[in-house]
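Inspection log for the structure reproduced underneath, given as structure tokens.
The values are calculated or read from the model by the stated rules, or taken from the named source; none is laboratory data. Since the structure is predicted, the reported quantities are computational estimates derived from the model, not experimental observations. Note that each Cβ is placed from the backbone with ideal geometry, even for glycine, and that neighbours are counted across all protein chains shown. For the accessible areas, the whole protein counts, side chains as well, though only heavy atoms, and no ligand, DNA or RNA atoms are used. Shrake-Rupley method; radii C 1.70, N 1.55, O 1.52, S 1.80 Å.
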Amino acid sequence: MRGAQASDVLGPLLDSRARALRDLRISVTDRCNFRCRYCMPREVFGRDFEFLPRSEILTFEEIARVARIFAHLGVQKLRLTGGEPTLRAGLPTLVRMLSEIPIDIALTTNGSRLTELARPLADAGLTRVTVSLDTLDDEVFRWMNDADFPVGAVLDGIDAAARAGLGPVKINAVIRRGINDHTVLDLARYFRGTGHIVRFIEYMDVGATNGWRLDDVVPGAEIIRTIDATFPLEPAPSNYPGEVVRRWRYANGGGEVGVITSVTEPFCGSCTRARLSADGSLYTCLFATNGTDLRHLLRSGASDDEIAATVGARWNARDDRYSELRAASTAELPRIEMSYIGG
Ligand code: SF4
């Protein structure tokens, strides 16, 4: 821990299901240079889409203040997300400001700017990076990101992150049936033995624009069977309580892979994550339909204690468990877009 004393941290803040607030995912921008069809379909997020104006986005000082308040409430991990967080100008400066807080700082990125930013981010205090890479098949990848962005450039970014000391890099791959499920083994084979860890994510009904269908979901169990048939796997224990990934180790060496099974094996029971949108609203679930505006408090002279009290009350009342309740009845809920609250 760095900066403020550990003694400043209050005891665990529990929600109505006794889940502690431990992780804060901060969206630093709602913009992205990709148009991944399961997240920001171009039909919706096209040329005329109105992204948040600069005046409505939290400043670095406001983000750092909120992060300090959450650290005081027991948050131990910050994850910077977006949209695409590396599009936020001066991101290393924000990381440097956050690194004065006794907290672990990670980043989730599409890797498009990592070659350029990995070193400055690491020097600023970033400790871990997760890169979204859904397939190694260049044609499929360009179709999935709908920005004609090549796989090679993302792989170069992963190498740059490793050279900057941000390894082992975690690689997140969202698997859609009939789109990239035939390339699962290629991803596993490519990263096996590199130290980097591929996590295969079940395609989720995030937001309200990606046209999600259950038929398009490839269960984590099926993904594991596919890999196991070529590279025998054995289950590995979680690294910590509340870890979302189910870990599998290569029985014959070579590291591990993981699956994130929000659809077929929900993990809401141990969910310790809060989310802050780029315009300063607090969300207590990825599938939330509404948030709590903290920006108004930040800009109207509220004290840190008043903001902490608002966060505390919201978390205490939290009873989210969307993935456990997912059904036909939840299909039409006006869920917040993932690109707005940072996945
Ligand atoms: S659905 Fe909501 S409560 Fe469940 S694990 Fe995801 S973010 Fe947490």
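Numbers below:
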{"quantity": "Separation of the Asn316 and Glu100 label points, Cα + 7 Å toward Cβ, nm", "calculated": "3.1 nm"}
{"quantity": "GNM top mover of Pro85, Pro219, Pro53 - the chain, alpha-carbon springs below 10 Å", "calculated": "Pro53"}
{"quantity": "Per residue, in Å², the accessible surface of region 6-341 once ligands and nucleic acids are set aside, probe 1.4 Å", "calculated": "41 Å²"}
{"quantity": "Protein accessible area in the chain, 1.4 Å probe - carbon and sulfur %", "calculated": "51 percent"}
{"quantity": "Sites Asp146 and Ala328, calculated FRET efficiency, Cβ-Cβ separation with R0 25 Å, nearest 0.05", "calculated": "0.30"}
{"quantity": "For the chain, Cys with no neighbouring Cys Cβ under 4.7 Å", "calculated": "Cys32, Cys268, Cys271, Cys285"}
{"quantity": "Largest-first ordering by accessible area, 1.4 Å probe, given options Leu13, Leu80", "calculated": "Leu13, Leu80"}
{"quantity": "Theoretical ellipticity at 222 nm over the chain - DSSP helices of four or more residues, -39500 (n - 2.57) apiece, nearest 500", "calculated": "-7500 deg cm²/dmol"}
{"quantity": "Rounded to whole Hz, the Karplus (6.51, -1.76, 1.60) HN-Hα couplings of region 138-149, x for glycine and proline", "calculated": "4, 5, 5, 4, 4, 6, 5, 7, 6, 10, 6, 8"}
{"quantity": "Debye-sum result for region 24-65 in log10 I(q)/I(0), which assumes one identical scatterer on each alpha carbon, at q = 0.28 Å⁻¹", "calculated": "-1.03"}
{"quantity": "With DNA, RNA and ligands ignored, accessible area of Glu100 (1.4 Å probe; Å², nearest 10)", "calculated": "110 Å²"}
{"quantity": "Degrees separating the helix 60-72 axis from the principal Cα axis of the chain, which is the longest one", "calculated": "90 degrees"}
